[in-house]
Amino acid sequence: MTDTAIDTGRFAAQRQAMVASQLRPNAVNDPRVVAAINAVPREAFIPGERGPLAYRDSALPLGRGRFQNNPIATGRLLTEAYLLPADKVLLIGAAGGYTAAVLARLVAHVTAVESDPELASFAKGALAFDTNVVVVQGPMEAGAPDHAPYDVLVIDGSVEHLPAAIVDQLAPGARAVGGVIDRGVTRLASGRRSEGGFALNGFADVECVPLPGFSRPSSFTF
């Protein structure tokens with residue numbers, strides 16, 4: 001057996017253990033989401049020499065102040081998004097492309113936005129065979145208006161403030177999930193764009209990595 005085959009088998013076992021011990025006990029219970037996570041080799045979307053750490057149950061440093069979100073946070077967000085096969089998704093915080101790869105197996109199209117040029121370039125390469133994913137390199141707080149409107153917003157990290165520029169890219173009735181930072185505490189939240197407005201409401205106190213570019217204006221509160 002080759003070293004590559006051994007590594008592939010080891011990572012597959014780690015992936016199954018992640019689902020069994022980290023995700024299922026923490027309400028990641030949508031069968032489609034679980035199957036997609038089981039199918040995506042997380043290690044292939046971690047740049048540099050950090051691949052062997054891909055399945056640990058905490059945030060993974062990616063360099064330059066960025067982190068891969070922890071598996072529980074990402075799994076809970078995708079479960080709470082109630083994703084449909086026909087959905088068009090805006091993903092904020094593409095990092096190395098992992099969450100985009102999972103989404104690609106669940107929805108019709110994914111636009112993944114990443115501000116870090118090196119991470120965006122890596123994600124484009126890692127996602128080369130996912131033809132229903134577009135990676136946009138630019139300010140995450142600007143979203144990707146050229147591909148709007150979206151049925152779902154997924155923020156794979158936590159933010160203090162969600163700019164109106166992103167909300168405006170969502171179709172009426174669009175679902176949204178992401179992490180929010182409230183007085184230094186992160187929690188997972190979900191919401192929906194309606195004619196009356198938009199808000200994210202917390203549903204779980206879970207560690208979620210902060211994303212740059214979303215500082216709260218001095219007069220703003222969730």
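A few points about this structure:
- Among the residues listed as LEU77, LEU62, LEU91, the single one being in contact (Cβ under 8 Å) with a residue 24 or more places away in the chain, open to solvent by less than 10 Å² (accessible area, probe 1.4 Å), part of a helix (DSSP H, G or I) and within 24 Å of PRO163 (Cβ to Cβ): LEU77
- Among the residues examined, GLU49 qualifies as among the charged types (D, E, K, R) and open to solvent by 10 Å² or more (accessible area, probe 1.4 Å).
- Residues satisfying the stated conditions in the range 94-110, i.e. surrounded by 24 or more Cβ atoms within 10 Å (Cβ to Cβ) and in a strand (DSSP E or B): VAL110
- Residues located in the range 31-78, provided they are under 17 Å from LEU211 (Cβ atoms) and among the charged types (D, E, K, R): ARG64, ARG66, ARG76
- Residues of the range 31-41 that turn out to be under 15 Å from LEU77 (Cβ atoms) and surrounded by fewer than 16 Cβ atoms within 10 Å (Cβ to Cβ), as a count: 1
- Restricting ALA86, ALA54, ALA44 to those that are open to solvent by 60 Å² or more (accessible area, probe 1.4 Å) and among the small types (Gly, Ala, Ser) reduces the list to ALA86.
- Restricting the range 150-179 to residues that are of a type in the set (Val, Ile, Thr) and surrounded by 23 or more Cβ atoms within 10 Å (Cβ to Cβ) leaves a set whose member that is farthest from LYS88 (Cα to Cα) is VAL159.
- Those residues of the range 21-39 which are part of a loop (DSSP other than H, G, I, E, B) and in contact (Cβ under 8 Å) with a residue 60 or more places away in the chain, in sequence order: ALA27
- Test: residue in the range 126-133 that is farther than 25 Å from ALA104 by Cβ, exposed (fewer than 13 other Cβ atoms within 10 Å of the Cβ), of a type in the set (Val, Ile, Thr) and out of contact with any Ser or Thr (no Cβ under 8 Å at 6 or more places or on another chain): no
- Each residue in the range 65-74 was checked for being on the phi < 0 side of the Ramachandran plot and not in a helix (DSSP H, G or I), and 5 pass.
The values are calculated or read from the model by the stated rules, or taken from the named source; none is laboratory data. Computed from a prediction, not measured in an experiment: that's the story for all the values here. Don't worry about glycine lacking a Cβ; one is built from the backbone with ideal geometry, like all the others, and counts go over all protein chains shown. Surface areas here come from the heavy atoms of the whole protein model, side chains and all, with no ligands, DNA or RNA. Shrake-Rupley method; radii C 1.70, N 1.55, O 1.52, S 1.80 Å.
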